[in-house]
Every structure is written in C-alpha cells, then in structure tokens.
Amino acid sequence: MPTPFLDRDLHVRPIDAYIDPPVPRARAIITHGHADHARSGHGVVLATPDTIAIMKVRYGEDCAEQFQPLEFNTPLVVDDVTITLKPAGHILGSAQVLLEHRGQRAVFTGDYKRLPDRTAQPFELAACDLFITEATFGLPVFQHPHPQDEVARLLRSVVSFPDRAHVIGCYALGKAQRMIALLRDAGYDAPIYLHGAMIRLCELYVERGIDLGVLKHSLEATKAELAGQIVIAPPSAIKDRWSRRLPDPVLAVASGWMSVKQRARQSGVELPLVISDHCDWNELNQTIAEAGAGKVWVTHGREDALVYQCRKNGLEAEPLNIQAYEEGEEGDA
C-alpha cells in the first residue's frame, strides 16, 4: 500500500514530484547521474550540484528546463513536505532522498554503498519509518571482497606481465574514477591511459576537486609504449577494434558481477575484479536494520530475496518492480 504521501512509483503526491522518473516529468528529484536514474527532458530538476554538473556534461546544458541545486543535509520545505538530500556513497554527488510529511519519514536510497571511496561523498544513514532500498546485489551469494585486495591482484598481474597492457573495462561514470583513485591510493603513480569515452567525465571529477593523478589519452601512446601500462575503457570497447592497438592485452573488468565466475568466463575476462559501487547482501541487510523502519520497499534488482529476508525479520516489506532505464553501471561485459 502507498504511504499517505508517497506512491509506489515514487510520486510525492503533496508536491506532485517524482523521484528518478524514467519518463519526463514536470518536477523530478534526481538521486544521481546514471541513466537508469537520471534522464533528460524533465521540467524542474532538484539534485545535488555534482549531479547537476554530471547531467549537463552527459546530456547538455539544456537537458532540463530548470535546475534547482540542493546541498547535502540542507532541508528544503516545499508546501508541507521537507526534502533533505543525504549522501549515498555510490558516485560523486549521489544522494538519498529523505522526505518528511506530517510526522512521517521516508528514505529512498537510490544506489548506495557503505565502503569508503574518496571519489564519492560518504554514505550517511537516516532513520525513517519507510525505507526504500535498491537490491542490485540482493542475494546471499553476493559478498564482495575488499576492493584494495582486488587492486593488489591487479598490480601483481601488471608486474608479472610487463610486456602486456592491462585494459580494465569499467563504467565511464563513477567506476572509472573510483578505479583510478584505488590505484593511486595503492601507490600506483604511473600515467593511466584512458579510452576517449572516459576523458570528459574524469576531467569533471578533477574540476570538482578529486585528484586522479596523471591521465593520458590512449591514442597519445604507441603500441610499444602501452606495454606494461594500465588502460581504462568501457566494457564494450575492450574486445572491439579499438583494443587491437594494445600489446597482447590482459582483459579485466571491474564489477560486482565478476563474482559470478561463469559470467566472467563467458565474457572472455582474464582478470575479473570484484569491485562494486553497490552494497552487497550483508551491507543491504545491515543498512535496513540500522534505518529502523517498520516498512521496507525494495527496487532495482534482486527484489524477492531481500523482501523475503525482511519479512523473516518481522518487517513489512514488498517489491516495487519499477521499470527504469538499465545502463549497466556495474560495467557488465
């Protein structure tokens, strides 16, 4: 059943606004810049300044009729609804939407992760009565290793194969910048080469104050010069004509889906890196418990298993089954 002020399609009825609507709406609250949450064509868009900057880079300056920036943890009262954006930790600017109306509190997480990541504002928990969570990795099998361990595997491979380029397939927004930051934090200070599709978004992160070290366009180097180097590209590019200019490339993909070994094998991935920008099963359940909500809605992913677990724990839970854009932000090869 809907709450007195929020429908199952994430329509905030008292102010006639939609959260992450998949079709153009007059009023939209956007959690972050991935295309299954943000699209062009809305009237007024409320989002964090970082998300607005990302949308303008991806879709153009006029991708909405009007933008209304809202900083994190700055309550905005619209009629009798108070909107507060809380950091979600997913990518730069990603937000949870806290709605307060006549004594009720509802939180829509958007996509979120709990692990530290200097390319995204850290997740902040918000207590609520209704908790609406994603479930991208909402199955018990998804228990992700620490990303620093995966980066250590990558760097060992780089040392072991000095005559080969390591090309990492990962999503251009969020995952690419996080992967670069993880490498830098692990002590890798050599230039990192980028597919052209990665360059503008990496520049945007740098403009927003995130140091990524020396980055170069992969076309600036010869095939011989790329031996022993790390190249980051969209997953779709690592096996197409573009990759032919790389010296005997080691194909890697950074994604939570790489924990599914069959998927990695079918994709021809030699070095699967289980690095996710979403919570795994344990983190999802931990967050639900900590939010303290008696009612849970589950969307964007493996909904049934998480709904079952919530009900087992005595919570009122149901799936939303929202039809939204799928853009594969986990870098599925």
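Side notes on the structure shown:
- Efficiency of FRET between Asn321 and Val159 - r from beta-carbon atoms, R0 35 angstrom, step 0.05: 0.15
- The amide H of Phe67, built 1.01 Å from its N in the peptide plane, has Val45 as neighbours under 5 Å, considering only residues 5 or more places off or on other chains.
- Cα-based shape type of the range 53-118, given that a ≥ b ≥ c are square roots of the gyration tensor eigenvalues and the cut on a/c is 1.5: oblate
- Rounded to the nearest Hz, the phi-derived 3J(HN,Hα) couplings of the range 126-142 under the Karplus curve 6.51 cos²θ - 1.76 cosθ + 1.60 (θ = phi - 60°) are 10, 5, 7, 8, 10, 10, 10, 10, 6, 8, 3, 10, x, 9, x, 5, 8, where x marks glycine and proline.
- Probe 1.4 Å, accessible area per residue of the chain, Å²: 41
- Tail weight of P(r) past 26 Å, computed on alpha-carbon pairs of the range 198-333, percent: 44
- FRET efficiency for Ala190 and Asp7, using Cβ-Cβ distance with R0 set to 51 Å, rounded to 0.05: 0.50
- Area accessible to solvent at Lys261, 1.4 Å probe radius, in Å²: 150
- Rounded to the nearest 0.05, the FRET efficiency derived from the C-beta distance between Gln68 and Asp304 at R0 = 45 Å is 0.80.
- Structural size metrics of the range 1-69, computed from C-alpha coordinates, are Rg and Dmax of 11.8, 38 Å.
- Between amide H atoms placed 1.01 Å from N, distances below 5 Å from Ile232 occur with Ile168, Tyr193, Leu194, His195, all of them 5 or more places distant or on a separate chain.
- Extension gain (nm, one decimal) between Glu124 and Lys223, 0.36 nm per residue minus Cα-Cα: 31.2 nm
- Residues Lys223, Lys86, ordered by accessible area of protein heavy atoms at a 1.4 angstrom probe radius and largest first, appear as Lys223, Lys86.
- Correct option for semi-axes √(5λ) of the Cα gyration tensor in Å [calculated from the coordinates] among (1) 47, 19, 16; (2) 38, 25, 20; (3) 36, 22, 16: (3)
- 222 nm mean residue ellipticity, helices alone, for the chain (DSSP H n ≥ 4; -39,500 (n - 2.57); rounded to 500): -7000 deg cm²/dmol
- Surface composition of the chain: carbon plus sulfur atoms contribute 50% of the solvent-accessible area (1.4 Å probe, protein chains only, all chains present).
- Extension gain, Tyr59-Arg265: 0.36 nm per intervening residue step, less the Cα-Cα distance, totals 70.7 nm.
- Pairs of lysine residues in the chain - Cα separation under 30 Å, sequence separation of 8 or more or cross-chain: 24
The values are calculated or read from the model by the stated rules, or taken from the named source; none is laboratory data. Worth saying up front: this structure is predicted, and the values here are computed from it rather than measured. Cβ sites come from the backbone with ideal geometry, for glycine too, and all protein chains shown count toward neighbours. What goes into the accessible areas is simple: the full protein's heavy atoms, side chains included, and nothing from ligands, DNA or RNA. Shrake-Rupley method; radii C 1.70, N 1.55, O 1.52, S 1.80 Å.
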